[in-house]
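Heads up, the thing below is written out as structure tokens.
The values are calculated or read from the model by the stated rules, or taken from the named source; none is laboratory data. No experiment lies behind these values; they were computed from the predicted model shown. Using ideal geometry, Cβ is built from the backbone for each residue, glycine included, and neighbour counts are taken over all protein chains shown.
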Amino acid sequence: MNKAICFLMVTFVLLGSVMAANPRVVILKLNYNDGNITLLNSTVKYGFFPDRRYQPDYGYRAEVISFEDSLLYEFRFKAPNEIFVDGTDEDGEISGGKIALENVNFALNVPYYEEMKEINIYSSEDEIVGSFSFEEGRNMLIIRWLLVGLIFIVTIALVFLIIVRNKKQANS
Amino acid sequence: MKKISEHPEKSAGFLGNKKSTKQISKFVRKRSFQTRGEISLKIVFSILISLVVLTVIFLSFGSVQEVIERKATAEIINLKASIETRILQQSVRPRGSIVNVSFSVPSSISKVCFFDANKEHKGFRNPELTSIYEGDQINNLFFMTDSGFFHYHIDGLEIQEERNPLCVNMADNRIELKLVSTGDGTDVEASEAGEDVKCVSVLENGNPAKKIDFVFLGYGFEDIEEYNNQVNRYINNIILEFEPFKYYKDKFNFYRIDDAKVDCKISGFIQCDQFDILKAASDCPNDYIFLLVDRSVIKDMISPVRSSAIGKIAKINTADKPFVLVHELGHTFADLADEYVDEGYYSTSNFDAASYINCDSAPCSSWQNIGNTSCYEGCSLKRYFRPTKDSIMRSLSSPGYGPVNEREILKRLLYYE
């Protein structure tokens, strides 16, 4: 009986730890079109995002906002439509240059927060150029915690039943 | 009638007299000596030249061998550093914490062995390994190569008795381990079959949150060994041999991902879906990303492809000169502009020198306080100026970034430990 109780408690703790924060990242597939940014696709997976210890002083800015409208994460990034293209000849001489594309797909990765509501992107003039909702995340969050609660209740109920059964057996 | 030999003057075309005969004889003897001398000289020269050529070939072979050995040694040292870093990191985590890790292993290593002298053990089956261990009884990490064992000591390494010593075979230039924190150290075991660890650690110097993390992805490689060789070449022979990265090499971690599913179009320059790139790269710590595109030199001569940099991603044509990676790193890491001039490209790109630390208008006041700089005409566009006559941002044959560019790189390096 003790083993069964221990097993159930350990199971619950493990489940809880799994549902606790494992590093996850949101990867956004975006389109830049003449200054405006739209979301094409996104995915959430276990993984890493950049440290971004150094950030440019100017450029685009991305904010991750919570359901309580607090700032969870923000960072700056340079224009996503500029590409340096370099080619070399036999003597190691380089030619090429910078191409500024008017319409280009690009991607960003940001840390995932269970309470994230939306990601906003601002231009260097601080005008909002893109906003993407993660409202379905709120529903997932609720479902997740309901599941945790359910497992907790079931575990307690099972332990209680085992204890009661054992007492009855002992009395009989 | 006398024979010609009796009348050498006739055969020599002289009218016969005694003096002439002597002269002719002398001439013929001299010519004979000269001819013999010439022949001898030619032979001597040929031998000398052959000797020189052979010596050059021998020395070159020796140098190439030395380079190969140095490269192999660097990769072995990187592996030891990465394992040591991971074990130390895991040792300070809560007891029972588990992490599966994959390490890049050079082709020269066939097996990696771990040994815990503080636990009961079965003993090594390999007599050489036994002899090495019994010789010093300190080292606990062993790399098996064709030429013998490399052995090191790593603090905090533990092996459970039933697996002690533990030997792991190399496959696809990697080994996969499971590290479990014991509270005092780290227990090491081979990863279970099916544990697919996508991120391969090539050189780890510390916590990714405090280091600059470079991750390599491959496109077009048919052979994992060739991909691994290219990754190691760029790390050990290019990045870590180029200042200031060489001096600050402890600030970097390097990783690779072996089967990145990236969709690319190779035509003129390399166009890839950034979403795919980030999805793949996010399996590893990824402050900066290198996508290596495998191309042969011949194919590239027929249809050249340009390397490129966008955001934090550098896309490298492996057929290009290898230091093109350092040039692209200048764009991605330090936001440096090109210092060569290409009016064709730049005249249509709204290039503004004010956005770049290494291009300026005359009289170049941006770097007037930095030594060893001047104001040289030409920086992306002819109307702008650059701080040094030459740098890697202008020519791949240049040995450095130059003081202005190095200063900018250093400024960013110092954000990391």
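Would you tally the residues in the stretch B:381-402 being closer than 16 Å to B:F333 by Cα and more than 24 Å from the chain's Cα centre (by Cα)?
Looking only at that region, the number is 0.
Looking at A:V10, A:V44, can you tell me which residue is in contact with a helix residue (DSSP H, G or I) (Cβ under 9 Å, 6 or more places away or on another chain), within 13 Å of chain B (Cβ to nearest Cβ) and either modelled with pLDDT of 90 or more or assigned to a helix (DSSP H, G or I) (or both)? Before the answer, list the steps.
Values: A:V10 fails: in contact with a helix residue (DSSP H, G or I) (Cβ under 9 Å, 6 or more places away or on another chain).
After applying the criteria, what remains is A:V44.
Of the residues B:I257, B:I302, B:I298, B:I266, which single one is in contact with a helix residue (DSSP H, G or I) (Cβ under 7 Å, 6 or more places away or on another chain), on the phi < 0 side of the Ramachandran plot and either at pLDDT below 95 or among the aliphatic types (A, V, I, L, M) (or both)? Break it down into steps so the answer makes sense when it comes.
On the way: B:I302 fails: in contact with a helix residue (DSSP H, G or I) (Cβ under 7 Å, 6 or more places away or on another chain); B:I298 fails: in contact with a helix residue (DSSP H, G or I) (Cβ under 7 Å, 6 or more places away or on another chain); B:I266 fails: in contact with a helix residue (DSSP H, G or I) (Cβ under 7 Å, 6 or more places away or on another chain).
From the options B:I257, B:I302, B:I298, B:I266, the qualifying one is B:I257.
If a residue has to be under 28 Å from B:V197 (Cα atoms) and of a type in the set (D, E, K, R) to count, how many in the stretch A:22-74 make the cut?
The qualifying residues number 6.
Would you be able to say whether some residue in the stretch B:315-333 is facing chain A (nearest Cβ under 10 Å), of a type in the set (D, E, K, R), within 26 Å of B:E225 (Cα to Cα) and free of Cβ contacts under 8 Å to residues at least 40 places away in the same chain?
Yes: one or more hits.
When you check A:Y32 against the structure, is it within 12 Å of chain B (Cβ to nearest Cβ) and either under 30 Å from B:Y346 (Cα atoms) or among the basic types (K, R) (or both), yes or no? If you could, list the steps in order and put the result at the bottom.
On the way: within 12 Å of chain B (Cβ to nearest Cβ): yes; either under 30 Å from B:Y346 (Cα atoms) or among the basic types (K, R) (or both): yes.
The answer is yes for A:Y32.
Go through the stretch A:98-118 and give me each residue that's of a type in the set (K, R) and at the interface with another protein chain (Cβ under 7 Å from one of its Cβ atoms). First the steps, then the outcome.
Step one: filter the stretch A:98-118 for residues of a type in the set (K, R), giving A:98, A:117.
Passing the criteria: only A:K98.
Of the residues in the stretch A:69-81, how many are more than 9 Å from every other protein chain (Cβ to nearest Cβ) and basic (K, R)?
Here the count works out to 1.
Looking only at the stretch B:397-411, filter to residues that are within 14 Å of another protein chain (Cβ to nearest Cβ) and in contact with a helix residue (DSSP H, G or I) (Cβ under 6 Å, 6 or more places away or on another chain); which one of those is farthest from B:K321 (Cα to Cα)?
Within the stretch B:397-411, the match that is farthest from B:K321 (Cα to Cα) is B:E408.
Can you name the residue in the stretch B:381-414 that is hydroxyl-bearing (S, T, Y) and part of a loop (DSSP other than H, G, I, E, B) and is also surrounded by the most Cβ atoms within 10 Å (Cβ to Cβ) among such residues?
Our first condition is that a residue be hydroxyl-bearing (S, T, Y); within the stretch B:381-414, this holds for B:384, B:388, B:391, B:395, B:397-398, B:401.
Add one more test, that the residue is part of a loop (DSSP other than H, G, I, E, B), and what stays is B:388, B:391, B:397-398, B:401.
Working: B:T388: 21, B:S391: 24, B:S397: 14, B:S398: 19, B:Y401: 28.
Going through the qualifying residues, I end up with B:Y401.
Being within 18 Å of the chain's Cα centre (by Cα), within 13 Å of another protein chain (Cβ to nearest Cβ), crowded, with 17+ Cβ neighbours inside 10 Å and of a type outside the set (D, E): is that true of B:F269 here? Let's see the steps before the verdict.
On the way: within 18 Å of the chain's Cα centre (by Cα): no; within 13 Å of another protein chain (Cβ to nearest Cβ): yes; crowded, with 17+ Cβ neighbours inside 10 Å: yes; of a type outside the set (D, E): yes.
In short, no.
Quick check on the stretch B:278-309: of everything there that is surrounded by fewer than 24 Cβ atoms within 10 Å (Cβ to Cβ), within 8 Å of chain A (Cβ to nearest Cβ) and over 22 Å from the mean Cα position of the chain (by Cα), which residue is farthest from B:A209 (Cα to Cα)?
B:P304
Suppose we filter the stretch B:362-380 for residues that are within 14 Å of chain A (Cβ to nearest Cβ) and either surrounded by fewer than 21 Cβ atoms within 10 Å (Cβ to Cβ) or under 24 Å from the mean Cα position of the chain (by Cα) (or both); how many remain?
From the stretch B:362-380, those within 14 Å of chain A (Cβ to nearest Cβ) are B:378-380; that's our starting set.
From what's left, either surrounded by fewer than 21 Cβ atoms within 10 Å (Cβ to Cβ) or under 24 Å from the mean Cα position of the chain (by Cα) (or both): B:378.
Within the stretch B:362-380, residues that are within 14 Å of chain A (Cβ to nearest Cβ) and either surrounded by fewer than 21 Cβ atoms within 10 Å (Cβ to Cβ) or under 24 Å from the mean Cα position of the chain (by Cα) (or both) number 1.
Check the stretch B:329-336 and report whether any residue there is touching a Ser or Thr at 6+ places or on another chain (Cβ under 8 Å), surrounded by 19 or more Cβ atoms within 10 Å (Cβ to Cβ) and not in a loop (DSSP other than H, G, I, E, B).
no
List every residue pair whose Cβ atoms sit under 8 Å apart, with the two residues 6 or more apart in sequence or on different chains, where the first one lies in the stretch A:82-97 and is facing another protein chain (nearest Cβ under 7 Å) and assigned to a loop (DSSP other than H, G, I, E, B) and the second, anywhere, is surrounded by fewer than 16 Cβ atoms within 10 Å (Cβ to Cβ) and not aromatic (F, W, Y).
A:G92/B:S397
For the subset of the stretch B:338-361 comprising residues that are in contact (Cβ under 8 Å) with a residue 24 or more places away in the chain and acidic (D, E), which member is farthest from the other protein chains (Cβ to nearest Cβ)?
B:D360
One line per residue, one yes/no per condition, for (1) hydroxyl-bearing (S, T, Y); (2) out of contact with any Gly (no Cβ under 8 Å at 6 or more places or on another chain):
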position	(1), (2)
B:A319	no, yes
B:A334	no, yes
B:G344	no, no
B:A354	no, yes
B:C359	no, yes
B:P363	no, yes
B:S374	yes, yes
B:K382	no, yes
